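Step one of this worksheet: look at the structure below.
The values are calculated or read from the model by the stated rules, or taken from the named source; none is laboratory data. No experiment lies behind these values; they were computed from the predicted model shown. With ideal geometry, Cβ positions are generated from the backbone for all residues, glycine too; neighbour counts draw on all protein chains shown.
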């Protein structure tokens with residue numbers, strides 16, 4: 001991976017409704033949706049501690065949501 005000062009992020013929500021651009025991930029026991037339409041860049045130093053790791057399936061779903069939002073297919 002490139003050593004960049006910025007990272008790409010998507011916020012999460014436990015209350016947003018289900019949609020193809022809101023894939024569900026698990027953070028602890030809490031079902032959480034990724035808001036792929038709110039993709040953005042932040043300073044990597046502003047990122048706090050990790051709270052979870054995405055499974056390969058969750059990662060693919062997030063990638064598909066971001067591709068859909070950014071019209072990359």
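Can you work out which of the residues in the stretch 5-16 that are over 22 Å from residue 71 (Cβ atoms) and out of contact with any helix residue (DSSP H, G or I) (no Cβ under 9 Å at 6 or more places or on another chain) is surrounded by the most Cβ atoms within 10 Å (Cβ to Cβ)?
That would be 12.
Could you tell me how many of the residues in the stretch 21-45 are in a helix (DSSP H, G or I) and either in contact (Cβ under 8 Å) with a residue 40 or more places away in the chain or in contact with a strand residue (DSSP E or B) (Cβ under 6 Å, 6 or more places away or on another chain) (or both)? Show your work before the answer.
Step one: filter the stretch 21-45 for residues in a helix (DSSP H, G or I), giving 36-38, 44-45.
Now restrict to residues that are either in contact (Cβ under 8 Å) with a residue 40 or more places away in the chain or in contact with a strand residue (DSSP E or B) (Cβ under 6 Å, 6 or more places away or on another chain) (or both): 44-45.
Number of matching residues: 2.
So how many residues does the stretch 40-53 have that are over 20 Å from residue 65 (Cα atoms) and modelled with pLDDT of 90 or more?
1
For (1) over 14 Å from residue 61 (Cβ atoms); (2) modelled with pLDDT under 90; (3) surrounded by 15 or more Cβ atoms within 10 Å (Cβ to Cβ); (4) under 12 Å from the mean Cα position of the chain (by Cα), each residue gets a yes or a no:
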residue: 23; (1), (2), (3), (4): no, no, yes, yes
residue: 28; (1), (2), (3), (4): yes, yes, no, no
residue: 32; (1), (2), (3), (4): no, no, yes, yes
residue: 38; (1), (2), (3), (4): yes, no, no, yes
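Restricting to the stretch 54-73, give me the number of residues that are exposed (fewer than 10 other Cβ atoms within 10 Å of the Cβ) and either touching a strand residue (DSSP E or B) at 6+ places or on another chain (Cβ under 7 Å) or outside any helix (DSSP H, G or I) (or both).
Going through the stretch 54-73 one residue at a time, the tally reaches 3.
So the check is Cβ under 8 Å with 6+ separation or different chains; which pairs have a first residue in the stretch 49-73 that's more than 15 Å from residue 38 (Cα to Cα) and a second one that's at pLDDT below 95 and loosely packed, with under 10 Cβ neighbours inside 10 Å?
Note: pairs meeting the criteria are 51/28; 52/28.
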